[in-house]
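**Q** Structure incoming, see below.
The values are calculated or read from the model by the stated rules, or taken from the named source; none is laboratory data. As the structure is a prediction and not an experimental result, all values here were calculated from the model. Please note: Cβ atoms are built from the backbone with ideal geometry, for glycine as well, and neighbour counts cover all protein chains shown. The accessibility values were calculated without ligands, DNA or RNA, using every heavy atom of the protein model including side chains. Shrake-Rupley method; radii C 1.70, N 1.55, O 1.52, S 1.80 Å.
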Amino acid sequence: GWEFSAVLGLDRVQIESLIKQARQNGETFVYLEGQRQKTGVPRYAALNPLAIEYLLKWFEQWKGSTMFRITSKAGLNDMLKALAQKSGIVTTGSIHSHGFRKWVMDQLSRAGWNSYQIRLFVGKRIPSEDATYLQTLREQIRELYPATYERFLNLKPEKVVQIIDQKKNAEIEEMKRENAELRAHVSTLTELFGDLKKQIEDLQKQKLKA
(Lines give C-alpha, C1' and ligand atoms only; values in the text may rest on other atoms or scores of the structure.)
Protein backbone atom coordinates (compact mmCIF):
# COMPACT_ATOMS: atom_id res chain seq x y z
CA GLY A 1 0.00 0.00 0.00
CA TRP A 2 2.96 2.35 -0.48
CA GLU A 3 3.17 5.14 -3.05
CA PHE A 4 5.62 4.57 -5.92
CA SER A 5 8.14 7.16 -4.76
CA ALA A 6 8.43 5.45 -1.35
CA VAL A 7 9.05 2.03 -2.93
CA LEU A 8 11.69 3.46 -5.25
CA GLY A 9 13.34 5.24 -2.32
CA LEU A 10 13.78 2.16 -0.13
CA ASP A 11 17.30 1.51 1.14
CA ARG A 12 18.57 -1.65 -0.54
CA VAL A 13 21.12 -2.42 2.18
CA GLN A 14 18.46 -2.08 4.89
CA ILE A 15 15.97 -4.28 3.04
CA GLU A 16 18.54 -7.00 2.37
CA SER A 17 19.56 -6.87 6.03
CA LEU A 18 15.96 -7.15 7.26
CA ILE A 19 15.25 -10.09 4.94
CA LYS A 20 18.44 -11.86 6.02
CA GLN A 21 17.62 -11.33 9.70
CA ALA A 22 14.05 -12.58 9.22
CA ARG A 23 15.28 -15.74 7.50
CA GLN A 24 17.78 -16.42 10.24
CA ASN A 25 14.95 -16.14 12.77
CA GLY A 26 12.68 -18.40 10.70
CA GLU A 27 10.24 -15.56 9.98
CA THR A 28 8.36 -15.40 6.67
CA PHE A 29 7.28 -11.75 6.95
CA VAL A 30 9.36 -8.58 7.32
CA TYR A 31 7.74 -5.58 9.03
CA LEU A 32 8.89 -2.05 8.26
CA GLU A 33 8.61 1.10 10.33
CA GLY A 34 8.47 4.26 8.28
CA GLN A 35 6.61 7.44 7.47
CA ARG A 36 5.14 8.95 4.36
CA GLN A 37 7.49 11.51 2.90
CA LYS A 38 4.63 13.68 1.69
CA THR A 39 2.79 13.97 5.01
CA GLY A 40 5.17 12.65 7.68
CA VAL A 41 2.47 10.24 8.84
CA PRO A 42 3.88 7.02 10.37
CA ARG A 43 3.15 3.64 8.84
CA TYR A 44 3.86 0.05 9.68
CA ALA A 45 4.07 -2.04 6.55
CA ALA A 46 5.12 -5.58 5.64
CA LEU A 47 7.12 -7.48 3.07
CA ASN A 48 5.24 -10.70 2.46
CA PRO A 49 6.71 -14.01 1.17
CA LEU A 50 5.86 -13.18 -2.45
CA ALA A 51 7.55 -9.76 -2.24
CA ILE A 52 10.60 -11.27 -0.54
CA GLU A 53 10.87 -14.03 -3.15
CA TYR A 54 10.84 -11.60 -6.08
CA LEU A 55 13.09 -9.06 -4.37
CA LEU A 56 15.75 -11.73 -3.79
CA LYS A 57 15.50 -12.80 -7.44
CA TRP A 58 15.85 -9.16 -8.47
CA PHE A 59 18.86 -8.58 -6.23
CA GLU A 60 20.61 -11.51 -7.92
CA GLN A 61 20.26 -9.68 -11.26
CA TRP A 62 20.61 -6.05 -10.18
CA LYS A 63 23.89 -5.20 -8.44
CA GLY A 64 23.44 -1.44 -8.31
CA SER A 65 23.45 0.54 -5.10
CA THR A 66 19.82 1.65 -5.50
CA MET A 67 16.84 -0.57 -4.80
CA PHE A 68 15.78 -0.68 -8.44
CA ARG A 69 17.18 0.24 -11.82
CA ILE A 70 14.31 2.67 -12.27
CA THR A 71 14.60 5.62 -9.90
CA SER A 72 11.81 7.96 -11.02
CA LYS A 73 8.04 7.81 -10.88
CA ALA A 74 7.84 8.59 -14.61
CA GLY A 75 10.16 5.71 -15.41
CA LEU A 76 8.08 3.35 -13.33
CA ASN A 77 4.92 4.51 -15.07
CA ASP A 78 6.52 3.83 -18.46
CA MET A 79 7.51 0.33 -17.32
CA LEU A 80 4.01 -0.44 -16.03
CA LYS A 81 2.45 0.80 -19.26
CA ALA A 82 4.81 -1.43 -21.27
CA LEU A 83 3.90 -4.44 -19.11
CA ALA A 84 0.18 -3.65 -19.43
CA GLN A 85 0.51 -3.38 -23.21
CA LYS A 86 2.41 -6.67 -23.33
CA SER A 87 -0.39 -8.29 -21.32
CA GLY A 88 -3.08 -6.86 -23.60
CA ILE A 89 -4.43 -4.46 -20.96
CA VAL A 90 -5.69 -1.15 -22.33
CA THR A 91 -4.70 1.85 -20.17
CA THR A 92 -5.60 5.53 -20.33
CA GLY A 93 -3.32 8.17 -18.84
CA SER A 94 -0.89 7.40 -16.03
CA ILE A 95 -0.98 4.45 -13.67
CA HIS A 96 -1.22 5.88 -10.16
CA SER A 97 -0.20 4.25 -6.91
CA HIS A 98 -3.44 5.23 -5.21
CA GLY A 99 -5.16 2.53 -7.29
CA PHE A 100 -2.91 -0.08 -5.69
CA ARG A 101 -3.34 1.53 -2.26
CA LYS A 102 -7.12 1.47 -2.63
CA TRP A 103 -7.02 -2.20 -3.58
CA VAL A 104 -4.89 -3.02 -0.52
CA MET A 105 -7.22 -1.06 1.75
CA ASP A 106 -10.25 -2.82 0.27
CA GLN A 107 -8.69 -6.23 0.91
CA LEU A 108 -7.74 -5.33 4.48
CA SER A 109 -11.30 -4.16 5.10
CA ARG A 110 -12.67 -7.41 3.65
CA ALA A 111 -10.38 -9.29 6.05
CA GLY A 112 -12.01 -7.50 9.00
CA TRP A 113 -9.32 -4.95 9.87
CA ASN A 114 -10.57 -1.86 11.67
CA SER A 115 -9.96 1.63 10.35
CA TYR A 116 -7.05 2.36 12.73
CA GLN A 117 -5.18 -0.79 11.69
CA ILE A 118 -5.69 0.02 8.01
CA ARG A 119 -4.62 3.64 8.45
CA LEU A 120 -1.37 2.72 10.17
CA PHE A 121 -0.59 0.04 7.60
CA VAL A 122 -0.91 2.33 4.56
CA GLY A 123 0.22 5.53 6.24
CA LYS A 124 -3.00 7.49 6.61
CA ARG A 125 -3.31 9.95 9.45
CA ILE A 126 -4.86 8.80 12.74
CA PRO A 127 -6.36 11.66 14.80
CA SER A 128 -3.88 12.70 17.47
CA GLU A 129 -6.48 12.37 20.22
CA ASP A 130 -6.87 8.68 19.31
CA ALA A 131 -3.25 7.77 18.59
CA THR A 132 -2.19 7.69 22.24
CA TYR A 133 -4.76 4.99 22.95
CA LEU A 134 -3.60 2.75 20.11
CA GLN A 135 -0.16 1.66 21.26
CA THR A 136 -0.79 -2.01 20.41
CA LEU A 137 -1.66 -1.43 16.75
CA ARG A 138 1.66 -2.79 15.49
CA GLU A 139 1.22 -5.98 17.49
CA GLN A 140 -2.33 -6.30 16.13
CA ILE A 141 -1.07 -5.94 12.56
CA ARG A 142 1.59 -8.61 13.07
CA GLU A 143 -1.11 -10.97 14.32
CA LEU A 144 -3.58 -10.20 11.53
CA TYR A 145 -1.39 -9.82 8.48
CA PRO A 146 -0.20 -13.44 7.78
CA ALA A 147 -3.73 -14.84 7.45
CA THR A 148 -4.89 -11.73 5.59
CA TYR A 149 -2.04 -12.06 3.11
CA GLU A 150 -2.77 -15.72 2.40
CA ARG A 151 -6.48 -15.20 1.82
CA PHE A 152 -6.73 -11.72 0.35
CA LEU A 153 -3.35 -10.41 -0.85
CA ASN A 154 -1.44 -13.38 -2.27
CA LEU A 155 -1.10 -12.67 -5.99
CA LYS A 156 1.35 -15.47 -6.79
CA PRO A 157 0.41 -16.86 -10.23
CA GLU A 158 -0.41 -20.39 -9.05
CA LYS A 159 -2.49 -18.93 -6.20
CA VAL A 160 -4.47 -16.80 -8.66
CA VAL A 161 -4.94 -19.83 -10.93
CA GLN A 162 -6.12 -21.83 -7.91
CA ILE A 163 -8.67 -19.15 -7.01
CA ILE A 164 -9.90 -19.00 -10.62
CA ASP A 165 -10.18 -22.80 -10.72
CA GLN A 166 -12.12 -22.79 -7.46
CA LYS A 167 -14.48 -20.17 -8.86
CA LYS A 168 -14.95 -22.16 -12.06
CA ASN A 169 -15.56 -25.35 -10.10
CA ALA A 170 -18.13 -23.55 -7.97
CA GLU A 171 -19.84 -22.24 -11.11
CA ILE A 172 -19.84 -25.73 -12.64
CA GLU A 173 -21.36 -27.21 -9.49
CA GLU A 174 -24.03 -24.48 -9.50
CA MET A 175 -24.82 -25.25 -13.15
CA LYS A 176 -25.07 -28.97 -12.32
CA ARG A 177 -27.46 -28.19 -9.47
CA GLU A 178 -29.61 -25.94 -11.67
CA ASN A 179 -29.60 -28.59 -14.41
CA ALA A 180 -30.73 -31.26 -11.94
CA GLU A 181 -33.54 -29.01 -10.74
CA LEU A 182 -34.58 -28.30 -14.34
CA ARG A 183 -34.64 -32.02 -15.17
CA ALA A 184 -36.74 -32.67 -12.08
CA HIS A 185 -39.23 -29.97 -13.20
CA VAL A 186 -39.34 -31.43 -16.72
CA SER A 187 -39.98 -34.91 -15.28
CA THR A 188 -42.81 -33.56 -13.12
CA LEU A 189 -44.36 -31.72 -16.08
CA THR A 190 -44.07 -34.86 -18.23
CA GLU A 191 -45.93 -36.87 -15.60
CA LEU A 192 -48.62 -34.18 -15.32
CA PHE A 193 -48.96 -34.05 -19.09
CA GLY A 194 -49.31 -37.85 -19.19
CA ASP A 195 -52.05 -37.78 -16.56
CA LEU A 196 -53.86 -34.97 -18.36
CA LYS A 197 -53.65 -36.84 -21.67
CA LYS A 198 -55.10 -39.97 -20.07
CA GLN A 199 -57.95 -37.99 -18.54
CA ILE A 200 -58.77 -36.46 -21.93
CA GLU A 201 -58.72 -39.90 -23.57
CA ASP A 202 -61.06 -41.30 -20.88
CA LEU A 203 -63.46 -38.41 -21.39
CA GLN A 204 -63.46 -38.97 -25.15
CA LYS A 205 -64.21 -42.69 -24.66
CA GLN A 206 -67.09 -41.90 -22.30
CA LYS A 207 -68.47 -39.41 -24.82
CA LEU A 208 -68.38 -42.02 -27.60
CA LYS A 209 -70.23 -44.56 -25.44
CA ALA A 210 -72.90 -42.02 -24.69
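**Q** If we only count helices (runs of 4 or more DSSP H) wholly inside the range 1-79, which ones have 2 or more residues that are of a type in the set (S, T, N, Q)? Break it down into steps so the answer makes sense when it comes.
**A** Values: elements: 4-8, 12-24, 49-61.
Helices (runs of 4 or more DSSP H) meeting the threshold: 12-24.
**Q** Just to be sure before I move on: is I163 in a helix (DSSP H, G or I), out of contact with any Pro (no Cβ under 9 Å at 6 or more places or on another chain), at pLDDT 85 or above and of a type outside the set (S, T, Y) in the structure I sent? First the steps, then the outcome.
**A** Working: in a helix (DSSP H, G or I): yes; out of contact with any Pro (no Cβ under 9 Å at 6 or more places or on another chain): yes; at pLDDT 85 or above: no; of a type outside the set (S, T, Y): yes.
Against the criterion (in a helix (DSSP H, G or I), out of contact with any Pro (no Cβ under 9 Å at 6 or more places or on another chain), at pLDDT 85 or above and of a type outside the set (S, T, Y)), I163 does not qualify.
**Q** Which one of W62, W113 is open to solvent by 30 Å² or more (accessible area, probe 1.4 Å), among the hydrophobic types (A, V, I, L, M, F, W, C) and without any contact (Cβ under 8 Å) to a residue 40 or more places away in the chain? Talk me through it step by step, then tell me what you get.
**A** Working: W113 fails: open to solvent by 30 Å² or more (accessible area, probe 1.4 Å).
Testing whether each residue is open to solvent by 30 Å² or more (accessible area, probe 1.4 Å), among the hydrophobic types (A, V, I, L, M, F, W, C) and without any contact (Cβ under 8 Å) to a residue 40 or more places away in the chain leaves just W62.
**Q** Only one of L120, L153, L137 is in contact (Cβ under 8 Å) with a residue 60 or more places away in the chain, over 21 Å from F4 (Cα atoms), of a type outside the set (D, E) and open to solvent by less than 60 Å² (accessible area, probe 1.4 Å); which?
**A** L137
**Q** Any residue in the range 1-21 that's of a type outside the set (V, I, T): show its pairings with residues that are assigned to a helix (DSSP H, G or I) and open to solvent by less than 60 Å² (accessible area, probe 1.4 Å) at Cβ separation under 6 Å, as long as the two are six or more apart or on different chains.
**A** G1/R101; G1/V104; G1/V122; E3/S97; F4/L76; F4/S97
**Q** Now for a different question. Checking L208 against (1) modelled with pLDDT under 80; (2) among the aliphatic types (A, V, I, L, M); (3) open to solvent by less than 100 Å² (accessible area, probe 1.4 Å), which test does it fail?
**A** (3)
**Q** Right, another one. Before we move on, is F4 aromatic (F, W, Y) and at pLDDT 90 or above?
**A** no
**Q** Does Y31 qualify as being loosely packed, with under 15 Cβ neighbours inside 10 Å, under 23 Å from Y149 (Cβ atoms) and not acidic (D, E)?
**A** no
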